[in-house]
Every structure is written in structure tokens, then in C-alpha cells.
1. In region 178-202, what count of residues is obtained for those that are in a helix (DSSP H, G or I) and open to solvent by 70 Å² or more (accessible area, probe 1.4 Å)?
2. Any chance you could count how many residues in region 203-234 are outside any helix (DSSP H, G or I), open to solvent by less than 40 Å² (accessible area, probe 1.4 Å) and within 27 Å of Leu320 (Cβ to Cβ)?
3. In the list Leu345, Leu357, Leu371, which residue meets the criterion of being over 21 Å from Gly300 (Cβ atoms), open to solvent by 10 Å² or more (accessible area, probe 1.4 Å), out of contact with any Ser or Thr (no Cβ under 6 Å at 6 or more places or on another chain) and at pLDDT 95 or above?
4. Go through region 5-91 and tell me which helices (runs of 4 or more DSSP H), entirely inside it, have 3 or more residues that are farther than 25 Å from Leu426 by Cβ.
5. In region 263-296, which residues are open to solvent by 20 Å² or more (accessible area, probe 1.4 Å), under 24 Å from Ser319 (Cβ atoms) and under 22 Å from the mean Cα position of the chain (by Cα)?
6. Just one of Ala126, Ala97 is among the aliphatic types (A, V, I, L, M), closer than 26 Å to Leu292 by Cβ and in contact with an Asp or Glu (Cβ under 9 Å, 6 or more places away or on another chain); which is it?
7. Hey, can you tell me all the residues within region 248-262 that are at pLDDT below 95 and open to solvent by 60 Å² or more (accessible area, probe 1.4 Å)?
8. Check whether at least one residue in region 401-409 is in contact with a Gly (Cβ under 6 Å, 6 or more places away or on another chain), within 27 Å of Ala293 (Cα to Cα) and modelled with pLDDT of 95 or more, and report yes or no.
Amino acid sequence: MVVSLTDYSAALDYLFARTTGAWRFGLDRTLELLAMLGDPHVAVPVLHIAGTNGKGSSVATAAALLRAKGLRVGRYTSPHLCDFRERIVANGEPIPAESVTAFIERHLPDIERIGASFFEATTAMAFAHFASSGLDVALIETGLGGRLDSTNVVQPEAAGVTSIGIDHVEYLGDSLQSIAREKAGIFKAGRPAVIGEPDPEVADWLAESARSRGAVPIIASDIVSVGPATIHRAGTAFSLSARGTTAEVVTPLVGVHQAANFAFTVALLDAAGDRFRVTPAEAALAAPQIHLAGRFQRVGRWIFDVAHNPDGARTLAESLAATQGGEPLTTVLCVLGDKDWRAMLDLLGTVTTRFILTDALTAPGNRRWPLDEVLSLARARGFEAHAIADFESALRRAGEWGDTTLVTGSFHTVGDAMNVLQVSPLNG
């Protein structure tokens, strides 16, 4: 197959065309592609992070803390909100569009021959970019699961699992134990395995999986602790203790859970060794530099949050209850149809004045939720709800009330709103 790619848009069209079909697990294709690139995944020290919720917060926090130490840091995350380049960031700069185009043009024949998927090709691209960027460390977030995720080709300085929840049951199993086993697949023999999960039983499953793989399990709360968190509109405040010292920290990320995410991140850096370890005082000084688009991100009267499952909706509702002070809230909501949108609607209904139910512009056609059914359920629950299928019209209608307006339900929903409202996910 011969394909001519002359610009960034064409390169992305080619890549996204490789997302069709069922999710493909396994490491063979990624390893083969990386071997052709000279094994860039071993060129830079890696910290590997998995988990149902909290991965993004932990990566963003680790990036800020490590850059404050003077280290050059790479971040590989997914999905993106507005632009593919958000996935691959080297020392604060997204991968240049011309680098994406050049990678696809140069390696397209190998991608075709191997049959690499979108995520496999993107993972290889990220490692190649990091290897050529003179980085000191790369923070690698799993895409889905862990054991057979394309990112699991690394031998990390430390690996960590943030938390376990029920999600992606069609791929990972329908019990917490089976999901924990898949996430724990990133733990490697002889390497620290940091566990952030607060439930003791689930944490024990993760620790058992770590030991079975020859890894060294570390319960994050055993080495880093936090005091009670106070939430306000500008962030979350708490005390942080580690290695006999304590500091007062304010992270810009909003939510009681962000204190635990912060502690997990500090524990992960501690486990990775002296070069990456930070004291509570150092962490407190670096915390204001943390930025994570689409996680309770306020821009004017808009709040963007990518809560895409009941766990995420629950923490979002708790954060709203703590920060809104009873003020009216309009929620623009679009959830993918294969998620538990009923539970999410009920959770968000506890803090929402009115819903505007809509269809995100980029939501896959085969995963769209049943808008008429959602509207009927919302009204049956006693919620004020309006269904406006056209996404831009829904955003305009939300603006007519002049309330604080929340946009949530999926990465598609938040990313599309940011595009329409011209909000940059990289700097707000």
C-alpha cells in the first residue's frame, strides 16, 4: 500500500483510520515497531502509571514536581481533548506537528506491514520523540488496562497503580479483582510497585500480584501521608508528610481525592530513587505549577471535567458540593452510550440546577447515548432537563442562563466544548 502524506491533517487522518475495529491487546507489534526504531523505549528512564482513576492527576503532578527539580520531563497520556499533540509532551512542549507528519511518512510502510493499531503506532512515536528530546525521565500512562497495554514494553524505575474501579469490563473483566490483576500487569521483577488504592482488600490483591511478578510492593500511604483536605475554588489544601518532615500543600487540582493522588505521586517518586525523590517542602513549592486540562478546570464561568464513569461523576459531584456554595449550576452533559450514564445522571443531579443533554460532535456514532431515553429518565427523576442534540446550540443555550456551567461526561464532550469555546487545553 502506498500512501502520500503531505501535512499534519493527512497524517492524523491516517492514524485515526487505524482506530477502527476491536481493541487489540498484546505487545508483539509494539515491540517489533520499536525494534525498527532502535528501541527508543529504553533510552530514557520511565515511571509507568496505571489505574482506573487518578492517572492524569498523578502524571500532571509528577511532571510539575520533577521539572521543579530541574529535570527534563516527557509525558505520554491519552486520550487528548482538542489536539493529538497533547498526548506527547516533552518538557512542556507538545510534539511538533511536523514531527508527527515526518514519523508517519517515514514509518508508514512498517506500520502497514506489521498491522500496528493507532495506539501502537502512537506509543512508538512517543518513545521515539522522547529519545530524541534529551529528556531525563518520561512519565508513561497506560491506555487501557496494563498487562497487555502497548505501553507495557518498558522496564520502569518504578511503576504505580493509582486506584481500581469498575470500567472497561468488556476488556478487563467484570470484578475488581480481575481488573486489579490486569492493572498490576505493569509491575516488573525487581522494580518498586507503588499501590495507591485505598481499599485494603483491593490493595492486597495488587500487592499479591506484584509479589507474584517479583516486584517490590509499596503501599503509598505507608510512606507518604496526608492530613484532612480542604477544598476551595482555587484548589485543594492539605498537610503532606514523608520521611519525617511535613509541609502544607495547595494543589490547583480540586477535590478531596486529589490529596490522595498527590501522596501517591510523591510515593512513586520516592520509590524511583534519589534522583526523582522530593521532600514535602519541595512538593509544596512546586505544586502551584501543576496543570491538568479538563479536570475541574475553571475558565471564567465554565467548568470542564472529563468525568466519564460513575466514580468520576461521584468525585465531581463532591467537589461541586464543596465549591459551589448553593449557587445555580447548569450542566451540559453527554456520556458515551456504553458507560453507566444512568448512575452518572443520578450523581450529578444532586448538585445540578438543570441539565442540557446533548450529543458531542466527535462522539463515535456507534457509542452515542439514547438522547430521548436519557431525557425521559432525567425528567422521571424530577430533574429539570432539556435535550438539544446540536452541540453548539446546547452550549449557546447553556449560556443564556448566565450560571456557572459545567461541561462533562466524556473526553469527547469536554474537548469539543473547548474547541467551540476556544479554550486551549495546554494553557487554559
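1. Of the residues in region 178-202, the ones in a helix (DSSP H, G or I) are 178-186, 200-202.
Still in the list and also open to solvent by 70 Å² or more (accessible area, probe 1.4 Å): 181, 200-201.
Looking only at that region, the number is 3.
2. Adding up the residues that qualify gives 3.
3. Step by step, each of Leu345, Leu357, Leu371 is checked, and only Leu371 is over 21 Å from Gly300 (Cβ atoms), open to solvent by 10 Å² or more (accessible area, probe 1.4 Å), out of contact with any Ser or Thr (no Cβ under 6 Å at 6 or more places or on another chain) and at pLDDT 95 or above.
4. 28-36
5. Across region 263-296, the qualifying residues are Pro288, Gln289, His291, Leu292, Arg295.
6. Working: Ala126 fails: in contact with an Asp or Glu (Cβ under 9 Å, 6 or more places away or on another chain).
Only one candidate qualifies: Ala97.
7. Result: Val256, His257.
8. Going residue by residue through region 401-409, those that are in contact with a Gly (Cβ under 6 Å, 6 or more places away or on another chain) are none.
Looking for residues that are in contact with a Gly (Cβ under 6 Å, 6 or more places away or on another chain), within 27 Å of Ala293 (Cα to Cα) and modelled with pLDDT of 95 or more, one finds none in region 401-409, hence no.
The values are calculated or read from the model by the stated rules, or taken from the named source; none is laboratory data. Fair warning: this is a prediction, and the values are worked out from it, not measured in the lab. A quick note on method: Cβ atoms are made from the backbone with ideal geometry, for glycine too, and the neighbour counts reach across all protein chains shown. These accessible areas exclude ligands, DNA and RNA; they are computed on the full protein's heavy atoms, side chains included. Shrake-Rupley method; radii C 1.70, N 1.55, O 1.52, S 1.80 Å.
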